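A short worksheet on the structure shown next.
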Amino acid sequence: MAYAAYREHPGVLRTAHAAMNKTSPFYVLDVTVCCADALRVRRSIAGCADAGVVRCEPLLHACSTQESDAPCVRLMIRLPITSYADVLHRLIECVPSGEIGRLVSWREHLARCGLRHGH
């Protein structure tokens with residue numbers, strides 16, 4: 001199975017793509033994979049220029065994919081927009097299935113984490 005459509009997690013507000021802060025040099029991509037695949041993803045993403053996993057959240061609620069009932073984690077990957085295609089390519093190459101989520105600005109990511117002004 002290829003990557004599935006992303007499911008919004010409770011507590012995450014949806015925003016329009018056009019509302020992204022275009023001046024931010026970095027964005028954050030949410031990706032959900034099985035726990036067993038998280039290390040492989042982190043190592044692969046580390047090879048991308050200026051990209052890296054900034055947060056890894058174990059998903060304690062039922063988050064099984066169609067293929068497996070294995071526990072999952074949500075990885076938040078920080079990247080410059082110029083590395084977006086490289087990050088996606090590495091994800092798909094190193095892990096056969098998962099969920100690719102929204103791409104949000106760095107400022108919006110910080111606001112989701114409770115840091116309203118990016119400090």
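The values are calculated or read from the model by the stated rules, or taken from the named source; none is laboratory data. All of these numbers come straight from a predicted model, not from anything done at the bench. For neighbour counting, all protein chains shown are included, and Cβ atoms are generated from backbone atoms with ideal geometry for every residue, glycine included. Side chains included, ligands, DNA and RNA excluded: accessible areas come from the protein's heavy atoms. Shrake-Rupley method; radii C 1.70, N 1.55, O 1.52, S 1.80 Å.
In the stretch 37-50, which residues are at pLDDT 90 or above, open to solvent by 20 Å² or more (accessible area, probe 1.4 Å) and aliphatic (A, V, I, L, M)? Selection gives L39, A46. The set of residues in the stretch 71-119 being in a strand (DSSP E or B), more than 16 Å from C34 (Cα to Cα) and basic (K, R) consists of R78, R102. Of all residues in the stretch 69-90, those that are touching a residue at least 12 places away in the same chain (Cβ under 8 Å) and open to solvent by 60 Å² or more (accessible area, probe 1.4 Å) have Cβ atoms under 6 Å from Cβ atoms of residues that are hydrophobic (A, V, I, L, M, F, W, C) and assigned to a strand (DSSP E or B), 6 or more apart or on another chain, in R78/F26; R78/V28; R78/V54. Residues being at pLDDT 90 or above and farther than 15 Å from R112 by Cβ are entirely absent from the stretch 1-16. Only one of the numbered conditions (1) among the hydroxyl-bearing types (S, T, Y); (2) open to solvent by less than 40 Å² (accessible area, probe 1.4 Å); (3) modelled with pLDDT of 90 or more is violated by T65, and that is (3).
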